[in-house]
Amino acid sequence: MRLTILGRSPASPNPGEACAGYLVESGGARVLVDIGPGVVAQLVGRHHPDELDAVVVSHMHADHMLDLVTLRYVYPWRDIPKGERLRVILPPGSADQMLDLARGVGSAKHFESCFRLSEHDGSSSLPFGALSLRPVATQHYIPCWGFRIEADGRRLGYTADTAPCDGLSDLADGADLLLSEATLRSLDEDAAPPEPRGHLTPAEAGTAARAGGSRRLLLTHLPVNGDGAWAQELASEAFGGEVEIAEPARSYEI
């Protein structure tokens, strides 16, 4: 299984980088997980969207899904037969938001001629050839799901956006690689009580990876000034194992 980082930025992007977007491949299957601003420009440098099995969206915040609008313009005048349209799998309850987005950029049918839109059910595995993605609910400001991604006996855990929670523990459990957000420099940057939190510090990502027995930890969705050493150091202290900062355009074998 191969993971390629198309975008790693949080909502406020790092200079010159795309927001969340992760290409996962195995045995000829190819799935794009999240599609934030700037991701499509990175994708088309590698693959035409027709080469994807699906786009899967973790939650409906702009930094994880807004480039669906850009993706639509890869097919400006094509009316694709329904069975050949690109599968776009959205979180439960997102249909109205997609309809509002479609109307805002053109018409209610803006996406229909190119995409097969559907929603996952929040828990059942999504099979794509050699790849299987199981959604796991996380704790964020809006409903959000990470994914346990498996192929050929290997496991990738993708946290999407989350605070410490049971779902994070599930995603980290036995992961050969945990791809974890690490958005916060300090807890002061997260929601203040009594509001629920929605993000992790690098140390919290490291703690989750250690508790779950993850073999490797890859930090993403974080502000990077220079090489991100500040986050790597904090996560390494908590994890006690290999920690890397996700690098745009780099592929990781799992």
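The values are calculated or read from the model by the stated rules, or taken from the named source; none is laboratory data. Since we're looking at a predicted model, the values are computed, not measured. Every residue, glycine as well, gets a Cβ built from its backbone with ideal geometry; the counts of neighbours run over all protein chains shown. Each accessible area value is taken on the protein alone, full model and side chains, heavy atoms only, with ligands, DNA and RNA left out. Shrake-Rupley method; radii C 1.70, N 1.55, O 1.52, S 1.80 Å.
So, in the stretch 164-198, exactly how many residues are in contact (Cβ under 8 Å) with a residue 40 or more places away in the chain, of a type outside the set (S, T, N, Q) and open to solvent by less than 10 Å² (accessible area, probe 1.4 Å)?
10
If Val69 passes every condition in (1) under 17 Å from Ile35 (Cα atoms); (2) in contact with a strand residue (DSSP E or B) (Cβ under 9 Å, 6 or more places away or on another chain) but one, which one does it miss?
(2)
Need the failing condition index for Leu32 against (1) in a loop (DSSP other than H, G, I, E, B); (2) under 30 Å from Gly153 (Cβ atoms), just the number.
Only one criterion is unmet by Leu32, namely (1).
Out of the stretch 199-246, which residues are within 21 Å of Glu17 (Cα to Cα), part of a helix (DSSP H, G or I) and open to solvent by 20 Å² or more (accessible area, probe 1.4 Å)?
Ala229, Trp230, Gln232
Condition test on Leu99, is it under 29 Å from Glu181 (Cβ atoms) and in a strand (DSSP E or B)?
So Leu99 does not fit the description; no.
Give the residue that is nearest to the chain's Cα centre (by Cα), with candidates limited to residues of the stretch 102-138 that are part of a loop (DSSP other than H, G, I, E, B) and crowded, with 18+ Cβ neighbours inside 10 Å.
His120
When the stretch 72-90 is examined, which residues are found to be open to solvent by 20 Å² or more (accessible area, probe 1.4 Å) and either in contact with a strand residue (DSSP E or B) (Cβ under 9 Å, 6 or more places away or on another chain) or not hydrophobic (A, V, I, L, M, F, W, C) (or both)?
Of everything in the stretch 72-90, those that are open to solvent by 20 Å² or more (accessible area, probe 1.4 Å) and either in contact with a strand residue (DSSP E or B) (Cβ under 9 Å, 6 or more places away or on another chain) or not hydrophobic (A, V, I, L, M, F, W, C) (or both) turn out to be Arg72, Tyr73, Pro76, Arg78, Asp79, Pro81, Lys82, Gly83, Glu84, Arg85, Arg87.
Between a residue in the stretch 93-114 that is closer than 17 Å to Asp67 by Cβ and any residue that is open to solvent by 60 Å² or more (accessible area, probe 1.4 Å) and among the basic types (Lys, Arg), which pairs come within a Cβ distance under 9 Å, given they are 6 or more apart or on different chains?
So the pair list comes out as Ala102/Lys109; His110/Arg103; Cys114/Arg78.
Find the residue count for the stretch 139-156, including only residues that are of a type in the set (D, E, K, R) and either over 30 Å from Asp190 (Cα atoms) or crowded, with 23+ Cβ neighbours inside 10 Å (or both).
Here the count works out to 3.
Every residue in the stretch 187-225 that is out of contact with any strand residue (DSSP E or B) (no Cβ under 9 Å at 6 or more places or on another chain) and over 15 Å from Pro10 (Cα atoms), please.
Those that are out of contact with any strand residue (DSSP E or B) (no Cβ under 9 Å at 6 or more places or on another chain) and over 15 Å from Pro10 (Cα atoms): Leu187, Asp188, Ala192, Pro193, Pro194, Glu195, Ala203, Thr207, Ala211, Gly213.
Cβ-Cβ below 6 Å, separation at least six or inter-chain, first residue in the stretch 136-154 and more than 15 Å from Met65 (Cα to Cα) and at pLDDT 95 or above, second hydroxyl-bearing (Ser, Thr, Tyr) and surrounded by fewer than 23 Cβ atoms within 10 Å (Cβ to Cβ): which pairs?
These pairs meet every condition: Glu150/Ser132; Ala151/Ser26.
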